[in-house]
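First the structure, in the form of C-alpha cells, and then the observations on it.
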Number of protein chains: 2
Amino acid sequence: MSSVRVACAQIAPVVGEGEGNLARARAALEGAAAAGAGIVVLPELATSGYVFRDAAEARTLAAPEPPAEWRELAERHDLVVVGGFCEAGADGALYNSAAIVDASGVLTTYRKAHLWDREQLVFTPGDGRPPVVDTRHGRIGLMVCYDLEFPEWVRVAALSGTDLLCVPTNWPRLPRPEGERPLEIVHAMSAAAANGLFVAACDRCGTERGVDWVQGSVIVSPQGWLAAGPPQESGEALVTADLDLHRARDKSFGERNDVIADRRPELYGDVTAS
Amino acid sequence: MSSVRVACAQIAPVVGEGEGNLARARAALEGAAAAGAGIVVLPELATSGYVFRDAAEARTLAAPEPPAEWRELAERHDLVVVGGFCEAGADGALYNSAAIVDASGVLTTYRKAHLWDREQLVFTPGDGRPPVVDTRHGRIGLMVCYDLEFPEWVRVAALSGTDLLCVPTNWPRLPRPEGERPLEIVHAMSAAAANGLFVAACDRCGTERGVDWVQGSVIVSPQGWLAAGPPQESGEALVTADLDLHRARDKSFGERNDVIADRRPELYGDVTAS
C-alpha cells in the first residue's frame, strides 16, 4: 500500500478578520503542499476565529459554505483539505462546522454535535453523525474538537469505516498537573487505540481575547501512539506523518483479539438511552 | 463529605499456588488495612495466577466463590475488598471473575465480558453488565482488565451510577515507544475523564511463565489525572489515595458543560449494533 503525507496546519486565526483568516489558511495550505502533504487538516473555525463576543458577531463571520478558495487550492496542489468554518445555515441557524474539500468540491460538511462552553450561546448543535468520505488515500472521517471526548461518537465514526479521523479543534488551555500531557491528547490516543484508526487533530495557536490554547496538534496511530506532534514550541506549526491509511482496516490486536470484533454490542443497549 | 483511603495492592500471584496466593492476598489486605485503607483492590485472578497451561489447569484452581477469608478479613479490618478470582460456574463453565466483598459477605460477582488472548481458550465470557454496589463510602462499580478498553462498557458503569470503578487487572507488558506511558493507563485516564468517575486499576507483578507485566496500578480522578501510581519501582506495591467518592456525582466541566448531560444519545443508536 502507498502512504500519504497527512499534515495538521496549526495556525492562529484572529476573530473578526475574515480576509486575514483566509490568507492564513491559504499560506498554511500552500506550505503543507510544499512539504509534500496530500491531506491537510486546519483548525476548528479557521475562517472566523473562535472567541466571539456574541452570536451577532459570529453571524457577521459566517458563510453558507467553506471558502471556495479551499477547492481551488485543493485542485492546484492535489490536496484533500479538512477545516472548520463558521456556517450560516439555510435554516437561519449558525453551526460550528467543518468540511472535507478536494478538487471536485465540498465532499461533506459536518456540524459539531457536542458544543463546548460559550459555543452554546452562539451555535445550534448538529444533528448529523460524523461523515466518512472515500478518497484515493483512504476513508476520511470528520468531527470537531469536544466531539472527540464522547467515545460513542468516535465509535460511530469507526463503525462507519473511518480510516483517518480528522478533528479540527480549538483546545482552550486548561490547568494540568506538572509534567502531564494535555488530557485532550490522552483522549485522542485512547480513542485511536480503542477503535484502531488514525486520528489527526489540528489545534490552533495565537492568544485570542485572553484565551490561550493547548497548541497540541497530534497525529495518532491506530495503536494509540503519537505518529507526530504535539509541537515542541508554541506557535504556528506543521505536524506531518506519512501514513498508510489502509492499515486502519486491520483491527486485530495480537493473535486472538480485534478491537472491533471483541465488542459485545448485545450487552451495550442502554448506552444509547438518555 | 468524608473521604476513604482507596488502595490498589499490586502483588505477585503464582499460577498453581492456591494456598500461596491466598496467603499473598491476606498479607496484602492486612498491609493495606494497616496503612488505613477502607477499600482495597487486588489484581485479576489473584487466587489462581494467570498464565494457565490450559483450561484443565485453570479448573484445578477454580472455586464457586471468592475466598471466604476475604469476608473475614473485611470484617476484621473494616474493609471493602475487591479482587479477581477463577470462578467455577454452577453451569460447569470457567469464568474470569471478580467480586466485591465486605463484612456482610459477597456483595456482587462479575464475570469478565471481554476476554484477552488465551483467556478465550480457558474462560467463557460473562453475559452480565458491570455491577454497582452501594457502600457507605460511595457506589463501587466493577469490571476486569481488557473490559476497560471498551468505552461502551465504562459508559454503562457510569450510567449505572458508579462513583469508583474498580478494575482488577493483569496487564501483560507490551512494547511501547521510549518514554511513553503504558497505553492501559492512557485508557484509564481517558475513561475516568470521559465519565467523570474515579478509576482504581490494580495490576500484578511477578514474571509468570515468561510473561511480564506493566505493573501499572493507578488511581485516577474524575478529571482524568493520576491521583496515585503507577509505582516508580517494579514489584509489589501499595498504591493509595484518599478520595471523596461523592465528588464523582458532579459531572460538570466548567460553567456550561457536563460530561454525561452533554451526550447526544439520540444520535448514538448504531453504536450498539453488531
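Every number here is computed from the coordinates shown, using simple stated rules; none is lab data. Only a predicted model underlies this, so the values are computations on that prediction, with no experimental measurement involved. Glycine gets a Cβ as well: all are built from the backbone with ideal geometry, and neighbour counts include every protein chain shown.
Mind putting a number on the dipole of chain A about its Cα centre? Charges go on the C-beta only, +1 for Lys and Arg and -1 for Asp and Glu, and I need it in Debye to the nearest 20. Write down the numbers at each step before the final one.
Values: 25 positive and 38 negative charges, 58 e Å.
So the dipole magnitude of chain A works out to roughly 280 debye.
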Handout entry: Nearest-20 debye value, the stretch A:1-122 charge dipole, Cβ charges on Lys, Arg, Asp, Glu
Key = 200 debye
Completion exercise
the protein assembly as shown: antiparallel bridges as % of DSSP beta bridges, rounded to 5, reads 70 percent
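Which loop trypsin sites (Lys or Arg not before Pro) in the stretch B:95-160, with loop taken from DSSP, have no more than 13 other Cβ atoms within 10 angstrom of their Cβ? Write down the numbers at each step before the final one.
Working: sites: B:111, B:112, B:118, B:136, B:139, B:155; in loops: B:112, B:136.
Passing sites in the stretch B:95-160 are B:136.
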Handout entry: Column: log10 I(q)/I(0), Debye, Cα scatterers of the protein assembly as shown, q = 0.12 Å⁻¹
Key = -1.05
Completion exercise
Computed on Cα atoms, Rg of chain B relative to 2.2 N^0.38 Å comes out at 0.95
Completion exercise
So for the stretch B:101-204, using the alpha carbon gyration tensor with a ≥ b ≥ c as root eigenvalues (a/c under 1.5 gives rounded; past that, a/b versus b/c decides prolate or oblate), I'd call it oblate
Exercise for the section: Add +1 for every Lys or Arg and -1 for every Asp or Glu among the other residues with Cβ under 11 Å from the Cβ of residue B:97, and state the total. Expected result: -1
Fill in the blank from the handout: Counting only DSSP beta bridges fully inside the stretch B:129-236, the antiparallel percentage to nearest 5 is 60 percent
Fill in the blank from the handout: Here the relative contact order (percent) of the stretch A:18-169, from C-alpha pairs under 8 Å and at least 6 apart, is 20 percent
Fill in the blank from the handout: Rounded to the nearest 0.05, FRET efficiency between residue B:55 and residue A:127 (Cβ-Cβ, R0 56 Å) equals 0.70
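For the stretch A:24-130, what Kirkwood radius comes out of the mean inverse Cα-Cα distance, in Å? Write down the numbers at each step before the final one.
Numbers: mean 1/r = 0.0712 Å⁻¹.
It is 14.0 Å.
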Handout entry: Share of Cα-Cα pairs in the stretch A:187-274 lying beyond 20 Å, as whole percent
Key = 50 percent
Problem - Size of electric dipole in the stretch B:72-128: Cβ of Lys, Arg +1 and of Asp, Glu -1, about Cα centre, debye, nearest 20 - result: 160 debye
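What's the extension gain from residue A:76 to residue A:136 if we count 0.36 nm per residue and subtract their Cα-Cα distance? It would help to have the intermediate numbers written out before the result.
Details: separation 60, 0.36 × 60 = 21.60 nm, distance 1.68 nm.
Stretched out fully, the residue A:76 to residue A:136 stretch lengthens by 19.9 nm.
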Handout entry: Alpha-carbon centroids, the stretch A:162-219 and the stretch A:66-125: separation in whole Å
Key = 19 Å
Problem - Net charge contributed by nearby residues that have their C-beta within less than 14 Å of residue B:244 (K/R +1, D/E -1) - result: +2
Handout entry: Residue among B:162, B:47, B:207 with the largest mean-square fluctuation in a Gaussian network model of chain B, springs linking Cα atoms under 10 Å
Key = B:207
Practice task
Among B:193, B:90, B:157, determine the one that fluctuates most according to a GNM of chain B built with springs between C-alpha atoms less than 10 Å apart.
Solution key: B:90
Fill in the blank from the handout: Projected onto their principal axes, the Cα atoms of the stretch B:1-67 stretch, largest extent first, over whole-Å spans of 48, 20, 18
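Which net charge results when you count Lys and Arg as +1 and Asp and Glu as -1 among the other residues whose beta-carbon is under 13 Å from that of residue A:25? Please report the intermediate quantities before stating the final value.
Values: positive: A:24, A:26, A:71, A:204; negative: A:17, A:19, A:30, A:44, A:69, A:72, A:236.
Around residue A:25, the charge tally is -3.
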Handout entry: Using a 7 Å Cα-to-Cβ projection, residue A:133 label spacings across copies, nm, ascending
Key = 5.3
Completion exercise
Most fluctuating of B:250, B:203, B:91 in the GNM of chain B (C-alpha, under 10 Å) is B:91
Completion exercise
Sorting A:132, B:224, B:47 by the position of each Cα along the dipole of the protein assembly as shown (Lys, Arg +1; Asp, Glu -1; all at Cβ), the one nearest the positive end of that ordering is A:132
Completion exercise
Within 10 Å of the Cβ of an average residue in A:110-118, the count of other chain Cβ atoms is 3
Completion exercise
Checking every Cys Cβ in the protein assembly as shown against the others at 4.7 Å leaves as unpaired A:86, A:145, A:166, A:205, B:86, B:145, B:166, B:205
